[in-house]
Amino acid sequence: MPVSLEDVRHIALLARLGLAPAEEERLRRDLDSILGYVAQLESLDVSGVEPTAHVVDLPTPLREDRATNPERPEEMVENAPDRDRTFLRVPKIIE
Amino acid sequence: MSDAPDYGPWEPVIGLEVHAQMLTESKLFCGCSAKFGAEPNAHTCPVCMGMPGVLPVLNRRAVEFATRTALATGCEIPRIARWARKNYFYPDLPKGYQISMYDEPLAVAGGVEVETPEGTRRVRLTRIHMEEDAGKNVHDAHDDHSLVDLNRAGVPLMEIVSEPDIRSAAEAADYLRSLRAILQYLAVCDGNMEEGSMRCDANVSIRRRGTTELGTRTEIKNMNSFRSVERAIDVEIRRQIEVVEGGGRIVQETRLWDADRGQTFPMRSKEAAHDYRYFPDPDLLPLVSDPAWVEEVRRGLPELPAARRDRFVRDHGIPPYDAAVLTARRDVADYFEAALAAHPNPKSISNWIMGDILRLVRERKLDDALVITEWPVAPAALAKLVALIDDGTISGKIAKTVFEEMVAGGGDPASIVEKKGLRQVTDTGAIEAAVDAVIAASPDKVAEYRSGKDKLFGFFVGQVMKATGGKANPQAVNDLLRSKLAG
């Protein structure tokens, strides 16, 4: 099924991207060709193969439950575009 | 536990999603403290702030806590659990996604035994998975901005999802209490709903009694006490019935409970809010369960509420109801056993705990802390008080006075009795003198009593008790009054 402009707008909304109409059409074509390529893979028989979410064949490493990080709130918020004391300051959230 | 309300031909169908904050020292994927109450953003680092180029490393104890919970609720633990990204934008979510689990959770297919007025019921669990918490937004009324504190971002949570097996609002609260008791016994979560360390969302729908098809459900959020959960669900059930009986249709939506107004309101929905586009997190390898380790965790499980309740009935001979109340909280059950070790009178100690102690705990709002470090009265002191009643030093009535003293100023019950001169008067001579004086002072009442007004007996007992400062042995007073009034 070809990717529609509606699909592009929906994805853009979820990703919070503002697209110009020309960009929408360009992305529609890009996405369409990417999905077309992936669709080719679907012709393979993988019924006996476990889904691969990872190419590294290891279980996840674990760390001990220790609070070892130093407390440095000023430093942590330093790069934020806006802050108030050691809070991050953002446009008002309406809900 | 309350009476099942009457919903007429309608049957509610309820499933609960519980988020339980795990009592780890550090966060799920970084070495920041998971403690509550620090200066804003003091417990943050590049990992939990979502800065580029960092990698999450999983906390071993969080896996152990979740595994403990899974085993205690009879879940199966699949060989592989996989981390997934749940994508959405919100200022309290620094990475733009929450690390969670999706189609391969940590545990599946368990159940929780729930005590209801109709007996024990099993509510099945669909799954338990682990995920990270989000931060906190602070809204300043005088500002056109919001403030974000990410201390909570990355704190480990378990999400415990039930099947839609619950059939009333009261049963939902009973389920939550049972689940909380298990989490507290396992020492994996403190279960404090007011402070948000245990949160609950409810999926609610209705259908005609006798049918099996599920109706359209709504999701209720923002309930931060057991009472809120029960009220919100009841109100939502009634709302749905009214809509359907009025010819309307239920819309699938998220509704927020407003405790002050006693109503649920639709949440202003962000379009496509539920399109989370989950996918496996490429930063994290799968969590592979090691059967030997799982067995080790299983062997380390403590005695759980249901087993402890049965043991209390069997070994201490207290009624099942008492045992259920005492074991609903681990600290209360510990308190009972500590007092019992000092003075083996189970029924009496149980009565004191269920009455006076738990009343105090409620009054002082200690009822949501995991371990009550400052009980109003230490277990050994309560045991001593009961021993004083049992050996006849004080009456049960005077014991209440002593208890109030112990609560107010602390101290040893025996020395309070001595200091205040509360020792029970068992000397029949002294009691007899008081009885004679009371009879002599009220000739009219005596005549009425003798002409058949039996109810006046209580009046005489009261007068004698008053005259002796409440210290007379009640049995002796009764006996003497009865014989003297008989004339």
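The values are calculated or read from the model by the stated rules, or taken from the named source; none is laboratory data. For clarity, every value in this text was computed on a predicted model and none was experimentally measured. Reconstructed Cβ throughout: ideal geometry from the backbone, glycine too, with neighbour counts over all protein chains shown. Surface areas here come from the heavy atoms of the whole protein model, side chains and all, with no ligands, DNA or RNA. Shrake-Rupley method; radii C 1.70, N 1.55, O 1.52, S 1.80 Å.
In the protein assembly as shown, the portion of solvent-accessible area held by carbon and sulfur atoms comes to 53 percent [1.4 Å probe, whole percent, DNA, RNA and ligands not counted].
Bridge orientation summary for the protein assembly as shown: considering DSSP beta bridges with both residues in this region, about 90 percent are antiparallel. Contact residues in region B:277-302 (at least 50 Å² less accessible area with all protein chains than alone, 1.4 Å probe): B:LEU285. Per residue, the accessible area of region A:44-95 comes to 78 Å², computed with a 1.4 Å probe over protein heavy atoms only.
Quick one: grab the alpha carbon gyration tensor of region B:233-315, order the square roots of its eigenvalues as a ≥ b ≥ c, and give me rounded if a/c is under 1.5, else prolate or oblate depending on whether a/b is larger than b/c. It is oblate, given that a/c is not under 1.5 and a/b is not larger than b/c. Placing unit charges on the Cβ atoms only, positive for Lys and Arg and negative for Asp and Glu, gives region B:88-226 a dipole magnitude near 680 debye about its Cα centre.
Each chain gives up part of its surface: A and B jointly bury about 4300 Å² of accessible area, both sides summed, for a 1.4 Å probe. Here's the picture: charge each Lys and Arg Cβ at +1 and each Asp and Glu Cβ at -1 in chain B, and of B:GLY452, B:VAL417, B:ASN151 the one pushed furthest to the positive end of that dipole is B:GLY452. Accessible surface ranking for A:ILE34, B:ILE431, 1.4 angstrom probe, highest first: A:ILE34, B:ILE431.
Evaluating 6.51 cos²θ - 1.76 cosθ + 1.60 at θ = phi - 60° for every residue in region A:42-59, the Karplus couplings come out as 5, 6, 6, 8, 10, 4, x, 10, 5, x, 9, 9, 8, 8, 7, 8, 9, x Hz, glycine and proline recorded as x. Cross-link reach is defined here as a Cα-Cα straight distance under 30 Å, omitting same-chain residues fewer than 8 places apart; for B:LYS419 the lysines meeting it are B:LYS347, B:LYS384, B:LYS397, B:LYS400, B:LYS466, B:LYS471. Between helix B:330-342 and chain B there is an angle of about 30 degrees, using the helix long axis and the longest principal axis of the Cα atoms. For region B:125-152, a reduction of at least 50 Å² in accessible area between the chain on its own and the assembled protein chains (probe 1.4 Å) is found at B:HIS145, B:SER146, B:LEU147, B:VAL148. Farthest towards the positive end of the charge dipole of the protein assembly as shown, among the residues A:VAL90, B:VAL57, B:ALA387, is the Cα of B:ALA387, using unit charges on the Cβ of Lys, Arg, Asp and Glu. What is the angle, in °, between the Cα long axis of helix B:169-185 and the longest principal axis of the Cα atoms in chain B? Nearest 10 is fine, range 0 to 90. Its long axis makes an angle of about 90 degrees. The heavy atoms of A:GLU75 offer some 100 square angstrom of accessible surface to a 1.4 angstrom probe. Protein heavy-atom accessible surface, 1.4 Å probe, per residue over chain B: 46 Å². Against the compact-protein benchmark of 2.2 N^0.38 Å, the Cα-based radius of gyration of the protein assembly as shown scales to 1.27. Once the Cα atoms are used to define both axes, helix A:21-41 deviates from the longest principal axis of chain A by about 70 degrees.
Only DSSP H runs of four or more residues enter the estimate; each adds -39500 (n - 2.57), and after division by the residues of chain B the mean residue ellipticity at 222 nm equals -11500 deg cm²/dmol.
Measuring only protein heavy atoms, the 1.4 Å probe finds B:TRP10 accessible over about 20 Å².
The charge dipole of the protein assembly as shown, taken about the Cα centre with unit charges on the Cβ atoms of Lys, Arg (+1) and Asp, Glu (-1), comes to about 1780 debye, rounded to the nearest 20. Entry note, chain B: relative contact order of 14 percent, from Cα contacts under 8 Å with a spacing of 6+ residues. Shape class for region A:44-95, computed from the alpha carbon gyration tensor (a ≥ b ≥ c): oblate, with a/c not under 1.5 and a/b at or below b/c. Based on alpha-carbon atoms only, what is the radius of gyration of chain B relative to the globular estimate 2.2 N^0.38 Å? In units of the 2.2 N^0.38 Å rule of thumb, it is 1.25. Ordering B:GLY191, B:VAL438, B:TYR102 by the projection of their Cα atoms onto the charge dipole of the protein assembly as shown, which places +1 on the Cβ of Lys and Arg and -1 on the Cβ of Asp and Glu, puts B:VAL438 at the extreme positive end.
Cross-link partners for A:LYS92 among the lysines, with Cα-Cα distance under 29 Å and sequence neighbours closer than 8 places in the same chain left out: B:LYS27, B:LYS35, B:LYS86, B:LYS95, B:LYS136, B:LYS221, B:LYS270. Sequence gap at least 6, Cα distance under 8 Å: using those rules, report the relative contact order of region A:3-95 to the nearest whole percent. In percent, rounded to a whole number, it is 16.
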